[in-house]
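Scroll down for the structure; my scribbles are underneath it.
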Amino acid sequence: MTLLNDRPVLGTGSRLVVEEPDRFRVHRDSMTSAEVLTQEQRKIFDHNWLYVGHESEIANPGDYVRRRVGGRPLFMVRGVKTGQVNVFHNSCTHRGAVVCRKDQGNAKVFQCFYHAWTFDSEGKLSGVPDRDAYAGGLDFEALGLARAARVESYRGFVFACYDPDVVGLVEYLAGAKDYLDLIIDAAPADMEIVNGSQHYGMDANWKLLVENSIDGYHAVSTHDTYFKYLVALGTDLSVGVKGTSRDLGNGHAVLEYEAPWGRPVAKWEPLFGEDARPSVEGLRRDLVERFGEERAHRMADLNRNMLIYPNLIVNDIMALTVRTFVPTAPDKMEISAWEMAPRDEQPDVRQRRLDSFLTFLGPAGFATPDDIEALESCQLGFTSGGVEWNDISRGMGREPLATDEAQMRTFWRRWRDDMDRERGAVR
Ligand code: FES
Ligand code: FE
């Protein structure tokens with residue numbers, strides 16, 4: 001429902017993303033303009049499915065997590081009565097204060113600190129101080145917390161959408177669904193988010209991190225120190241980064257490739273230590289038994305960097321990470337990242353996984369500081385002027401390699417189409 005009618009701006013996408021037969025260019029205004037960000041909020045974040053969190057984060061009744069989803073404060077809580085996943089707008093129906101004020105916890109009720117209205121875990125208004133002051137009484141039913149217009153989950157990944165008319169989540173996920181299946185099936189039982197999260201900020205446009213998260217081209221140059229570290233441990237780099245990328249529909253894309261590093265499921269590397277060999281090889285045998293040689297090979301040996309449009313990354317690389325981010329200004333974003341792992345994993349395997357995760361993907365790991373430096377450097381470069389366009393043409397006209405930029409073009413085409421459309425604000 002739109003009360004204030006923002007003026008829709010048509011054709012923004014096509015002005016900023018220009019595709020020719022062998023050239024693909026993106027105008028730098030897409031990364032620097034406040035007007036573009038305003039339009040993104042309305043046309044992209046208000047109308048696409050957005051990742052909220054994982055069901056394992058709220059395993060017990062009353063468990064909750066607080067999130068910013070597409071820039072809006074929400075919280076997700078497992079209802080004490082129903083056991084269901086509830087996703088609410090984090091705003092008191094009295095006069096607006098956020099109701100859930102901690103990042104995570106367990107609660108039967110949520111009391112707004114401003115005037116102490118109280119809501120239960122199903123969102124129902126359950127307490128109002130001095131309620132007799134309201135002429136005719138208060139309609140407790142109508143004053144419950146507002147739910148996100150649509151909430152659906154796929155194999156534990158909970159998404160919300162502010163547009164009630166959006167297509168169903170499975171249809172939206174399109175080809176990304178098969179890759180989620182492949183990643184999740186590698187766990188004997190189920191996947192869970194490992195307790196704890198990484199929250200950090202970057203002085204860069206959010207789309208730079210979309211590109212970077214699925215960019216095979218930068219690995220060898222930007223993360224040179226990591227590769228040197230692996231070599232020092234005895235890793236054979238001759239395999240390089242070899243593979244391909246796929247357009248998964250609806251702006252989603254994946255890289256799938258071989259790389260020199262090991263994988264907790266289930267490819268041994270020197271970083272894990274000699275004594276880890278038997279258990280890693282055992283995990284691999286289990287995969288072959290369950291899925292056959294070919295699928296087990298993909299699960300164990302191949303890496304996947306996947307974008308679920310617009311801002312969810314699931315990278316199944318030397319560890320499995322789930323990452324999402326929101327713009328807070330054209331040149332700023334907030335990032336949240338988690339590690340995902342098979343539930344009930346053996347402690348020694350879990351330990352190696354955590355080590356592999358933090359070594360590369362941790363906030364002080366080999367990758368994250370490098371990537372922040374690279375992206376902030378791009379953003380700074382944009383302010384220099386003189387150059388209007390970014391070039392994203394690598395690999396056009398051939399079968400895409402993992403080190404090409406086809407997967408970024410998939411994102412930008414969908415971004416262009418979303419930004420070209422006339423769409424009003426969703427309240
Ligand atoms: Fe929440 Fe008044 S704003 S009780
Ligand atoms: Fe990187």
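Observations on the model:
- Residue that is nearest to ligand 1 (Cβ to nearest atom), among those in the range 46-85 that are under 18 Å from Lys124 (Cβ atoms) and open to solvent by 50 Å² or more (accessible area, probe 1.4 Å): Val80
- Residue in the range 222-234 that is away from ligand 1 (no atom under 16 Å from the Cβ), open to solvent by less than 70 Å² (accessible area, probe 1.4 Å), closer than 27 Å to Asp29 by Cα and in contact with an Asp or Glu (Cβ under 8 Å, 6 or more places away or on another chain) present: yes
- Qualifying residues in the range 99-132 (those that are of a type in the set (A, V, I, L, M) and surrounded by fewer than 17 Cβ atoms within 10 Å (Cβ to Cβ)) - the one farthest from ligand 2 (Cβ to nearest atom): Ala116
- Residues (free of Cβ contacts under 8 Å to residues at least 40 places away in the same chain and either under 30 Å from Lys332 (Cβ atoms) or buried (at least 21 other Cβ atoms within 10 Å of the Cβ) (or both)) located in the range 182-195: Asn195
- Flag if Cys112 is without any contact (Cβ under 8 Å) to a residue 60 or more places away in the chain and closer than 26 Å to Thr38 by Cα: no
- Count - residues of the range 235-255 that are open to solvent by 80 Å² or more (accessible area, probe 1.4 Å) and closer than 20 Å to Leu375 by Cβ: 0
- Selection within the range 127-184 - of a type in the set (Asp, Glu) and in contact with a Pro (Cβ under 6 Å, 6 or more places away or on another chain): none
- Filter result for Pro369 (within 19 Å of the chain's Cα centre (by Cα), open to solvent by 20 Å² or more (accessible area, probe 1.4 Å), farther than 24 Å from Glu258 by Cα and within 15 Å of ligand 2 (Cβ to nearest atom)): no
- Condition met for Leu380 (in a helix (DSSP H, G or I) and either under 21 Å from Ala176 (Cβ atoms) or open to solvent by less than 40 Å² (accessible area, probe 1.4 Å) (or both)): no
- From the options Ala116, Ala97, residue that is within 16 Å of ligand 1 (Cβ to nearest atom), on the phi > 0 side of the Ramachandran plot, aliphatic (A, V, I, L, M) and more than 16 Å from the chain's Cα centre (by Cα): Ala116
- So Tyr179, is it buried (at least 19 other Cβ atoms within 10 Å of the Cβ) and within 16 Å of ligand 2 (Cβ to nearest atom): no
- Residue in the range 121-128 that is within 29 Å of the chain's Cα centre (by Cα), within 16 Å of ligand 1 (Cβ to nearest atom) and not charged (D, E, K, R) present: yes
- Every residue from the range 165-212 that is farther than 30 Å from Val36 by Cα and hydrophobic (A, V, I, L, M, F, W, C): Leu180, Leu182, Ile183, Ile184, Ala186, Ala187, Ala189, Met191, Ile193, Val194
- The single condition among (1) of a type outside the set (Val, Ile, Thr); (2) at pLDDT 95 or above; (3) open to solvent by 10 Å² or more (accessible area, probe 1.4 Å) that Asp275 does not satisfy is (2).
- Checked against (1) part of a loop (DSSP other than H, G, I, E, B); (2) more than 11 Å from ligand 1 (Cβ to nearest atom), Phe88 meets all criteria but (1).
The values are calculated or read from the model by the stated rules, or taken from the named source; none is laboratory data. Predicted model only: the values in this text are computed from it and were never measured. Neighbour counts run over all protein chains shown; Cβ positions are idealised from the backbone, glycine included. Side chains are part of the model used for accessible areas, which takes the heavy atoms of the whole protein and leaves out ligands, DNA and RNA. Shrake-Rupley method; radii C 1.70, N 1.55, O 1.52, S 1.80 Å.
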